[in-house]
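Asker: Quick one: structure below, then a few questions.
Computed from the coordinates by the stated procedures, all read-outs in this text should not be read as laboratory data. Everything numeric in this text was worked out from a predicted model, so none of it was measured. Note that we place each Cβ from the backbone using ideal geometry, even for glycine, and neighbour counts take in every protein chain shown.
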Amino acid sequence: MSDIDGRLNLATAWEAIADVVGDQPAHSAAGVRTSWSAFDDRAARLAGALDAHGVGPNSKVALFLFNGCEYPEAQYATFKVRGVPANVNYRYTGDELAYILGNADAEAIFFDHTLTDRVEAVRERCPGLKVLIRVGGESASVPEWAIDYEVAVTTDPMPRIDRSGSDLWFLYTGGTTGMPKAVMWDHVNLLGSMEATFRPFKESVPSTAGEAAAVARRVADAGREIRQLCAAPLMHGTSGIPGLATLSHGGMLSTMENRSFDADELWWTVERDQITMITMVGDAFGRPMVESLDRAANEGRTLDLSSLRLLLSSGVMFSAPVKEALLDHHPCTIVDSLGSSEGTGMASQVTSGRDRAPGHRETTARFTLGEHTRVFADGDREVEAGSGEAGQIALGWPLPVGYFKDPEKTQSAFPVVAGRRWSIPGDWATVEADGAITLLGRGSVCINTGGEKVFPEEVEEALKELPAVTDCNVVGVADSRWGEAVVAVVELKEHGVADEASLRNQLRDRLAGYKVPKRIVFVDCLQRSPNGKSDYRWAKEYANSLCAEN
């Protein structure tokens, strides 16, 4: 089929890919592989089920799912009917779940069987739902208001149709404040975000179905297809956006069975599925990955990691010591990508295990700007390299359409500067003399203490370099003298020994005095979201509770 506006749609591209690499694996869930032919057929049958219930062009389809083969299949089926997939955090319950389904105008939902009670509790508050499809569990336990997933994939396949490159994909982002917002990406800009993934193959991003099929065929013939292990949840952009790119190459998505992160299972999966790329979230995943490799080495176990070429991280800090420890075990390439739901590939730090000079020390916060990225100061001035002035990072392309149902926030986050539309999600940086940037952090969590701005990430980086610290969050707590006091919530290493005074003293050599935390409080285990991102709300509540007691 063709695209009605001459712009490529992902479903059209994937159908063409399935036609030419049908016997290649499209996904592997806990070691069970599905070929591209079967992937396309199952998605077409799910599309038939959606179509039979009146779900079609511009219909929003909620994906309330864990990682597994069903996530990409349901997403592909939604693309096939020209619907809009909308990710839903599997931690949401009650009002949060009802809000997302209502805000998205969801007409269909795919949900895991372990989440049935949550859907049952809110479905009557969501009258727009036309069909609810349950994944997993015993078929006899499927409620009368839902359809069993495996029954849905026995529906007659929906015929292929013409589509549009302007069709949408929703990426709900919780952010640090306010209710979740749906970032609207069209297929043209999603494909544009894949430029860097095609470059290593000396290929351009395809603009037609024929080009997509030809690229996939050449990559497969060369034995260079991408095999992506989605360590981070597919419901988040960290794995979700690269996952779209992997499929657009004719590659394979791999997911693990354990629903909480298990580093041992990750390395077994790399070996079993011959994984070439892992999508992960900084230190939250990197530290247990190093610990797992250390255990294997100490026990004399050898893992075959020869297929692994790339670790791709985004979303949170990926500290230099953790990167170095991973590279000591396996000399792959680490790409630390700076981006957000509102824009990908703003900047990156690339570390090659094979090209490391002896004794070389990696950095944490230094990034190279992307081709379409600038840093703007107040007054829409571009920050001058080497000036020391801080500005906000802005991406000029590719760009989302905006936020669903929120024109005011769309205008704020995607302003026109110097006659061009930009994505400016709120990340601050300085521009060094050589054009690289030093990332300061997200302005929405910036701490104003005594009139000075303190970015939590800078203090967190300094803390994580201390030998006793394994993880931390830095927040601002109301203070009668300073307005806000810098407070660190710290998790020590298993055998780490330190107290508040010793950590503060060590930080004085690394940070300006006003950046050194006024208080340091300790936790047994820092709380993070499923994708490894810092939960600043929780950290602030915890810090407030302890500081109030004293």
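Asker: Of Lys181/Lys453; Lys181/Lys515; Lys323/Lys464, which ones are farther than 21 Å apart at the Cα? Please list the in-between numbers first.
Answerer: Working: Lys181/Lys453 27 Å; Lys181/Lys515 32 Å; Lys323/Lys464 13 Å.
Going by Cα-Cα distance, Lys181/Lys453; Lys181/Lys515 fall outside the 21 Å limit.
Asker: Taking the Cβ of each residue in Thr255, Thr302, Thr154, Thr276 as the centre, tally the other Cβ atoms inside 10 Å and list the residues starting with the fewest. Present the calculation step by step, with values, prior to reporting the outcome.
Answerer: On the way: Thr255 25, Thr302 8, Thr154 11, Thr276 20.
In order of increasing Cβ crowding within 10 Å: Thr302, Thr154, Thr276, Thr255.
Asker: Pairing the Cα long axis of helix 282-298 with the longest principal axis of the chain, what angle in degrees results, from 0 to 90 and rounded to the nearest 10?
Answerer: Orientation of helix 282-298: about 90 degrees from the principal axis.
Asker: Let a ≥ b ≥ c be the square roots of the eigenvalues of the Cα gyration tensor of the stretch 459-503; is it rounded (a/c under 1.5), or, if not, prolate (a/b larger than b/c) or oblate?
Answerer: Details: a/c = 2.85, a/b = 2.24, b/c = 1.27.
Prolate, because a/c is 1.5 or more and a/b exceeds b/c.
Asker: Hey, if you put +1 on the Cβ of every Lys and Arg and -1 on every Asp and Glu Cβ in the stretch 228-296, which of Ser239, Met280, Phe261 ends up farthest toward the positive end of that dipole?
Answerer: Ranked along the dipole, the leading option is Ser239.
Asker: Taking the Cβ of Gly343 as the center, what net charge do the other residues with Cβ under 15 Å away carry, scoring Lys and Arg +1 and Asp and Glu -1? Could the numbers behind the result be given before it?
Answerer: Numbers: positive: Lys181, Arg374, Lys409, Arg420, Arg421, Arg442; negative: Asp186, Glu195, Glu342, Glu371, Asp427.
So the environment of Gly343 carries a net charge of +1.
Asker: Between the helical axis of 94-103 and the dominant principal axis of the chain, each derived from Cα atoms, what acute angle in degrees is found, rounded to the nearest 10?
Answerer: That works out to roughly 60 degrees.
Asker: How big is D for the stretch 365-442, in µm² s⁻¹ as a whole number, if Stokes-Einstein is applied with the Kirkwood radius of its Cα pairs at 4 °C and 1.567 mPa s?
Answerer: On the way: Rh = 12.8 Å.
Here the translational diffusion coefficient equals 101 µm²/s.
Asker: Per DSSP helix of 4 or more residues, -39500 (n - 2.57); summed, then divided by the residues of the chain. What does that give at 222 nm, rounded to the nearest 500?
Answerer: Numbers: 17 runs with 171 residues, N = 550.
Helix contribution divided over all residues of the chain: -9000 deg cm²/dmol.
Asker: Applying a 10 Å radius around every beta-carbon, put 142-152, 22-32, 336-346, 465-475 in order of their mean neighbour count, most first. Can you show the working numbers first?
Answerer: Values: 142-152: 16.4, 22-32: 18.0, 336-346: 25.2, 465-475: 20.7.
Listed from highest to lowest mean packing, they are 336-346, 465-475, 22-32, 142-152.
Asker: Specify which labelled value, from (1) 26.3; (2) 24.3; (3) 32.6, agrees with mean projected area of the Cα convex hull in nm² derived from the coordinates of the model shown.
Answerer: Among (1) 26.3; (2) 24.3; (3) 32.6, the one derived from this structure is (1).
Asker: Using Cα atoms only, what is the angle between the long axis of helix 209-221 and the major principal axis of the chain, expressed in degrees (0 to 90) to the nearest 10?
Answerer: With rounding to tens, the tilt is 70 degrees.
Asker: Which value does Rg/Rh take for the stretch 173-296 over its C-alpha atoms, Rh per Kirkwood? Let's see the in-between values first.
Answerer: Numbers: Rg = 16.3 Å, Rh = 16.1 Å.
Here Rg/Rh amounts to 1.02.
Asker: What ranking of Phe318, Phe414 emerges when the number of other C-beta atoms within 10 Å of each C-beta is taken as an exposure proxy, fewest first? Before the final figure, lay out each step's value.
Answerer: Working: Phe318 26, Phe414 22.
Final ranking by Cβ density, sparse to dense: Phe414, Phe318.
Asker: Normalised by the number of residues in the chain, what is the relative contact order in percent for Cα pairs under 8 Å and 6+ residues apart? All intermediate terms of the calculation are to be shown ahead of the outcome.
Answerer: On the way: 1140 pairs, mean separation 60.2, N = 550.
It rounds to 11 percent for the chain.
Asker: Related question: Once each part is reduced to its C-alpha centroid, what is the distance from the stretch 465-528 to the stretch 1-29 in angstrom?
Answerer: Cα centroid of the stretch 465-528 versus Cα centroid of the stretch 1-29: 50 Å apart.
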